[in-house]
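Have a look at the structure below before the remarks.
The values are calculated or read from the model by the stated rules, or taken from the named source; none is laboratory data. Just so it is clear, the model here is predicted, and its values are computed rather than measured. We place every Cβ from the backbone using ideal geometry, glycine too, and count neighbours over all the protein chains shown.
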Amino acid sequence: MAIYDKPVRILMKDMAAAFTLQPGQQFTKQQAIDWFAENYPKIKTGTITAHLIRLSTNTQSRLNYSAKPSEDDVFFQLDGGHFRLYDPNNDPVPIHSADDRKTPPEEDLEPRGSAEFAYEKDLRNYLAKNLFVVEHNLKLYEDEGIKGIEYPVGGRFIDILGVDSTGAFVVIELKVSRGYDRVVGQLMRYMAWIRKNQAEPGQKVRGIIVAREISEDLLLACSLLDDVQLFEYELSLVLKAVPITTGT
């Protein structure tokens, strides 16, 4: 539900008009954040960042944010913090589906015969649709078409951002292989960002790490953290032969 009389995706266009952007003229993410702070202070930093991605025609993550063809083809992202207006005459065709994305490098392709997830995104996409397997009543964060998948936090992305039955934010980090202690620093940084920029006063933020295997150093690193949980996942593949009846 929109906080103001216009949704953020429309306010973004008002911002571009207020900047009187000329073709090729750049603006920064911080300028966008400052403009909203001055004119629409209730809009959270994470929501602003996510909408910049949603409205940028060349960002693959916009697929997670329900970008509408034509309507949301507004900006072109130059790097993590710089944008300009989209130029339909010279820029690549906007990304609207998975088919529009660049082909992944050959070394990233799934190994033949592998029964495990080849990409963290496969695990991420499955869990995002089935968060109940992690925790009962855990829901994917969603606001004005922005979903908590690859949620932007200070130039990085949370794998999954959820909300539990008490209203607390749940930051979920995924590792398709073994989870080591270094992921704790990453998780804590994301949790701190959400607590500072997205959570309301008094709203709790906690974290979850999901890995194929939890290492001893990760278990030790989390032993004094009350707001972090660890999960291991298992996959199985069962093939059942189907008899073929031939005619006589």
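May I ask you to list the residues in region 199-229 that are of a type in the set (A, V, I, L, M, F, W, C) and surrounded by fewer than 17 Cβ atoms within 10 Å (Cβ to Cβ)? Spell out how you get there, then give the answer.
In the first step, residues of region 199-229 are kept if they are of a type in the set (A, V, I, L, M, F, W, C); the result is 199, 205, 208-211, 214, 218-222, 224-225, 228.
Residues satisfying the conditions are Leu219, Leu220, Leu224, Leu225.
For region 22-29, does any single residue satisfy the condition of being under 21 Å from Asn197 (Cα atoms) and either assigned to a helix (DSSP H, G or I) or touching a Gly at 6+ places or on another chain (Cβ under 8 Å) (or both)? Yes, region 22-29 contains a residue that is under 21 Å from Asn197 (Cα atoms) and either assigned to a helix (DSSP H, G or I) or touching a Gly at 6+ places or on another chain (Cβ under 8 Å) (or both).
Restricting attention to region 1-44, the residues that are surrounded by 13 or more Cβ atoms within 10 Å (Cβ to Cβ), among the small types (Gly, Ala, Ser) and within 16 Å of Tyr86 (Cβ to Cβ) add up to 2.
Let's see how each residue does on (1) over 17 Å from Ala168 (Cα atoms); (2) in contact with a strand residue (DSSP E or B) (Cβ under 9 Å, 6 or more places away or on another chain); (3) of a type outside the set (Asp, Glu):
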| site | (1), (2), (3) |
| --- | --- |
| Asp181 | yes, no, no |
| Lys196 | no, no, yes |
| Pro201 | no, no, yes |
| Lys204 | no, yes, yes |
| Ile208 | no, yes, yes |
| Leu220 | yes, no, yes |
| Ser223 | yes, no, yes |
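Could you please give the count of residues in region 90-144 that are in a loop (DSSP other than H, G, I, E, B) and at pLDDT 70 or above?
16
If you check Asp34, Asp87, Asp5, Asp72 for being of a type in the set (D, E, K, R), at pLDDT 95 or above and farther than 24 Å from Arg156 by Cα, only one passes: Asp87. May I ask you to verify whether Val184 is touching a residue at least 12 places away in the same chain (Cβ under 8 Å) and outside the structural domain of Pro41 (by TED's automatic domain parsing)? Judged against the criteria, Val184 is a match.
Only residues that are in a loop (DSSP other than H, G, I, E, B) and either closer than 15 Å to Asp159 by Cβ or touching a helix residue (DSSP H, G or I) at 6+ places or on another chain (Cβ under 9 Å) (or both) were counted across region 176-214, and they come to 5.
Take Phe83 and decide whether it is among the aromatic types (Phe, Trp, Tyr) and in contact (Cβ under 8 Å) with a residue 40 or more places away in the chain. Yes. Any residue at all in region 222-229 that's in a strand (DSSP E or B), on the phi > 0 side of the Ramachandran plot and touching a residue at least 24 places away in the same chain (Cβ under 8 Å)? Checked region 222-229: no residue is in a strand (DSSP E or B), on the phi > 0 side of the Ramachandran plot and touching a residue at least 24 places away in the same chain (Cβ under 8 Å).
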